[in-house]
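Written below as structure tokens is the structure these notes are about.
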Amino acid sequence: MRITYDGRVHKRYRGPMARQRYENEVRVLRYLEKKGCDYVPRLLHADPDEGDGYIVTTNCGKVVDKIASEKADALFKELEDKYGVRHEDRFPRNITYNDWTGKFNVIDFEFATILESGEGLTLEEVQEHRAGEGWERKD
């Protein structure tokens with residue numbers, strides 16, 4: 001991922017299940033935009049033909065250094081209850097703060113599920129794929 005001078009976020013997908021992660025993030029971001037969710041990135045460009053996928057989104061600020069677990073939980077709960085998307089990677093690294101808007105935002109929808117249709121990708125699916133392909137986790 002890189003951020004360009006104009007503030008746009010450019011993301012290329014690599015690694016296990018890169019194509020599936022790309023397709024899922026594009027699907028979820030488009031769904032959330034239709035639902036009017038204003039605290040997630042806007043998808044500006046999606047190119048399935050560049051590698052395993054490439055997107056450009058709006059910038060949602062900087063990843064938070066610290067956030068109360070209650071606040072993080074409330075953001076993810078609102079995403080699920082109000083917009084029908086369950087974020088499957090509920091960690092502070094996927095929450096940003098935008099100084100311009102004064103809002104917290106949720107990012108990184110590679111691992112998320114649209115509850116209405118059941119479409120999505122979970123961390124467990126990628127871990128199972130890694131195990132089946134002989135990938136070793138390096139912690």
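The values are calculated or read from the model by the stated rules, or taken from the named source; none is laboratory data. Note that the structure is predicted; figures quoted are calculated from it, not measured. Ideal geometry is used to build each Cβ from the backbone, glycine not excepted, and the neighbour counts take in all protein chains shown. For accessibility, only protein heavy atoms count, side chains too; no ligands or nucleic acids. Shrake-Rupley method; radii C 1.70, N 1.55, O 1.52, S 1.80 Å.
Which fully enclosed strands (runs of 3 or more DSSP E) of the stretch 57-112 have 1 or more residues being under 15 Å from residue 40 (Cβ atoms) and out of contact with any helix residue (DSSP H, G or I) (no Cβ under 6 Å at 6 or more places or on another chain)? Walk me through it before giving the result.
Working: elements: 85-87, 95-98, 103-106.
Because the criterion is at least 1 residues that are under 15 Å from residue 40 (Cβ atoms) and out of contact with any helix residue (DSSP H, G or I) (no Cβ under 6 Å at 6 or more places or on another chain), the strands (runs of 3 or more DSSP E) in the stretch 57-112 that meet it are 95-98, 103-106.
Among what's in the stretch 11-57 and is modelled with pLDDT under 95 and among the aliphatic types (A, V, I, L, M), pick the residue that is surrounded by the most Cβ atoms within 10 Å (Cβ to Cβ).
So the residue we want is 17.
Select, from 102, 61, 84, the only residue that is over 11 Å from the mean Cα position of the chain (by Cα), without any contact (Cβ under 8 Å) to a residue 24 or more places away in the chain and open to solvent by less than 60 Å² (accessible area, probe 1.4 Å).
Working: 61 fails: without any contact (Cβ under 8 Å) to a residue 24 or more places away in the chain; 84 fails: without any contact (Cβ under 8 Å) to a residue 24 or more places away in the chain.
Of the residues listed, the single one that is over 11 Å from the mean Cα position of the chain (by Cα), without any contact (Cβ under 8 Å) to a residue 24 or more places away in the chain and open to solvent by less than 60 Å² (accessible area, probe 1.4 Å) is 102.
Would you say residue 26 is part of a strand (DSSP E or B), within 13 Å of the chain's Cα centre (by Cα) and in contact (Cβ under 8 Å) with a residue 24 or more places away in the chain?
Values: part of a strand (DSSP E or B): no; within 13 Å of the chain's Cα centre (by Cα): yes; in contact (Cβ under 8 Å) with a residue 24 or more places away in the chain: yes.
No: the conditions fail for residue 26.
Mind listing just one residue for me: the one in the stretch 64-81 that is in contact with a Leu (Cβ under 9 Å, 6 or more places away or on another chain) and open to solvent by 10 Å² or more (accessible area, probe 1.4 Å) and, of those, nearest to residue 17 (Cα to Cα)?
Out of the qualifying residues, it is 80.
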